[in-house]
Amino acid sequence: MIRAVKGTRDLLPPDTAVWNRVEQIARDVFRSYNYHEIRTPILEETQLFARGVGNETDIVSKEMYTFDDHGTMLTLRPENTASVMRAWIEHRLDQKPGVQKLYYIGPMFRRERPQKGRYRQFFQIGAEAIGSESPFVDAEVIEMVMELLSRAGLSGANLIINSVGCPNCRPAFVEKLREALKPVANSLCEDCQRRAETNPLRVLDCKIPEDQAAINALPSILDNLCEICEPHFHAVRSYLEEREIAFEIRPRLVRGLDYYMRTTFEVTHGSLGAQNSVLGGGRYDGLAASLGSNLPTPGIGFSIGEDRLVMSVDQTPDAALDLYIAPMGDAALHHAGLLARELRKAGASVEVLAGGKLKRAMELANKLGARFALLLGDNEIAAGTYTLKDMKSGEQTPVTKTQLLQRLKPNV
Ligand SMILES: [Zn+2]
Ligand SMILES: [Zn+2]
């Protein structure tokens, strides 16, 4: 038997209804903030991610699905920000009026070690706002993502924010960090010892419990922001306070990549345990330059792990079916087909399944989760009234076609 590839999975009904609901909420929220959808190819040239995500990251060095396509190295996208920025540069979206606000929903691919809740094909819902340096945009992006999570039904989400400085102030901070690490590096874990030399910022990411006290005592980037980054972060915080959006400041929330600038943020959720980050985001004003463009492209964005979000929200699927029609006999089947077409045109979801006895038909209607069942035999057709059964209360009422349309209306 051929099975789904390791680390991938089939999403089946009724679960797909929950996925669709989450995605519909996302689309509604994006629209209300004037974001529009972008669909980039799932395949890109490998060098896009090498430059846009960073050669030294785990993603690029270990986790990408890359293959030689007759001499061109191609990769299944491991994330989408680099692709969006490539499209932005390629189509000169800088020439469009205003800030370009783009969103995407789709699969990404990383060859991670399989573990619970992690997949090699996973889904992200993300957005990018490109073309403004203003902290107002940062706050609006964060407000939007919190609105999305709350409407999707994720309660108890914690917003964590930070500023990672800029090319003016961060290098000096990194040097300070390197100095401060010298006397303590010996006592830290192996990864930290290496990073203390190669990339001291990433020491701040260490999750090893024994290292935490020493790492917490290291200098904070927030005491080392320049005269542009400091007021920018201050403005982001006050915009969030005005909107009554609760947040925690965590100076250790940094990103190891050079093109990240100023605002970074993350949302965690208790139900997700150790893998508790639902989304990460940040400002990436230097990304376009690292892709070889000289267009000024300040941008900020985020991506939500949709698999984890779906796992953390209400799993009850919407009512599956408005009406189940049980035709008794051949004439009734013809009649049922035409009636179903009319009701479907009016917006109802209708299932017609012929054959079997009445009792079996009612059992099936129940299993299919139908709100109503319609009994249809020669007598009903001759009389022009049908018997409509409310599957919850069991109540049966004779209805004409017009009355039937009326009864189905609340859901239509
Ligand atoms: Zn700065
Ligand atoms: Zn460590």
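Remarks
- The 3J(HN,Hα) values that the Karplus relation (6.51, -1.76, 1.60; θ = phi - 60°) gives for the range 329-346 are, in residue order, x, 5, 4, 5, 4, 4, 4, 5, x, 6, 4, 4, 4, 5, 5, 5, 4, 7 Hz. Gly and Pro appear as x.
- Only beta bridges with both residues in the range 321-411 are counted; by DSSP, about 45 percent of them are antiparallel.
- Excluding same-chain neighbours fewer than eight residues apart, the aspartates and glutamates reachable from LYS176 by a Cα-Cα span under 20 Å are ASP191, GLU197, ASP205, ASP211, ASP223, GLU227, GLU230, ASP258.
- Converting phi to 3J(HN,Hα) with the Karplus coefficients 6.51, -1.76 and 1.60 and the offset θ = phi - 60°, the range 39-44 yields 10, 9, x, 6, 9, 9 Hz in sequence order, with x at every glycine or proline.
- Sum of -39500 (n - 2.57) over DSSP H runs of 4+, divided by residues of the chain (222 nm, nearest 500): -10000 deg cm²/dmol
- DSSP-defined beta bridges in the chain - what % are antiparallel, rounded to 5: 80
- Leading residue at positive end of dipole, the chain (Cβ point charges), from VAL310, GLY52, SER134: VAL310
- Nearest-20 debye value, the range 353-412 charge dipole, Cβ charges on Lys, Arg, Asp, Glu: 220
- Within straight-line cross-link reach of LYS6, aspartates and glutamates at Cα separation under 18 Å, skipping those fewer than 8 residues along the same chain: GLU63, GLU112, ASP307
- Across the chain, the longest piece that holds none of the GluC sites (Glu not before Pro) lying in DSSP loops with up to 11 other C-beta atoms within 10 Å covers 1-226.
- Across the cross-link table entries LYS367/LYS401; LYS357/LYS389; LYS359/LYS389, which are compared at the Cα atoms, the separations over 22 Å belong to LYS367/LYS401.
- Carbon and sulfur %, accessible surface of the range 13-156 computed with the full protein complex present, 1.4 Å: 48
- The range 321-411: C-alpha gyration tensor shape, a/c 1.5 cut-off, then a/b vs b/c: rounded
- Candidate residues LEU222, LEU368: accessible-area rank, largest first, probe 1.4 Å: LEU368, LEU222
- Computed over the chain, the alpha-carbon pair-distance distribution with 20 angstrom bins reads 22, 44, 23, 10, 1, each value a whole percent.
- When the range 321-411 is described by a simple charge dipole with +1 on each Lys and Arg Cβ and -1 on each Asp and Glu Cβ, the residue from VAL399, LEU321, GLY337 located farthest towards its positive end is LEU321.
- Rolling a 1.4 Å probe across the protein heavy atoms gives the chain an accessible surface of 51 Å² per residue.
- Cα-centred dipole magnitude for the range 226-352, charges only on beta-carbon of K, R (+1) and D, E (-1), debye, nearest 20: 260
- Once backbone amide H atoms are built at 1.01 Å from N, LEU321 has ARG371 as its partners under 5 Å, excluding neighbours fewer than 5 places away on the same chain.
- Dipole magnitude of the chain about its Cα centre (Cβ charges: Lys, Arg +1; Asp, Glu -1), debye to nearest 20: 1160
- Accessible surface of the range 321-411 [probe 1.4 Å, protein heavy atoms]: carbon and sulfur percent: 53
- Solvent-accessible area of TRP88 with every protein chain in place, 1.4 Å probe, in Å² to the nearest 10: 10
- Relative contact order of the chain, taken over Cα pairs closer than 8 Å and 6 or more residues apart, is 15 percent.
- Selected from ARG344, ARG170, ARG120 as most flexible by GNM, with the chain as the system and alpha-carbon contacts under 10 Å: ARG344
- Cα centroid of the range 66-89 to Cα centroid of the range 105-144, whole Å: 17
The values are calculated or read from the model by the stated rules, or taken from the named source; none is laboratory data. What you see is a predicted model, and the numbers here were worked out from it, not measured in a lab. Backbone-built Cβ (ideal geometry, glycine too); neighbour counts: all protein chains shown. When the accessible area is computed, the model is the full protein with side chains, heavy atoms only, and any ligands, DNA or RNA have been set aside. Shrake-Rupley method; radii C 1.70, N 1.55, O 1.52, S 1.80 Å.
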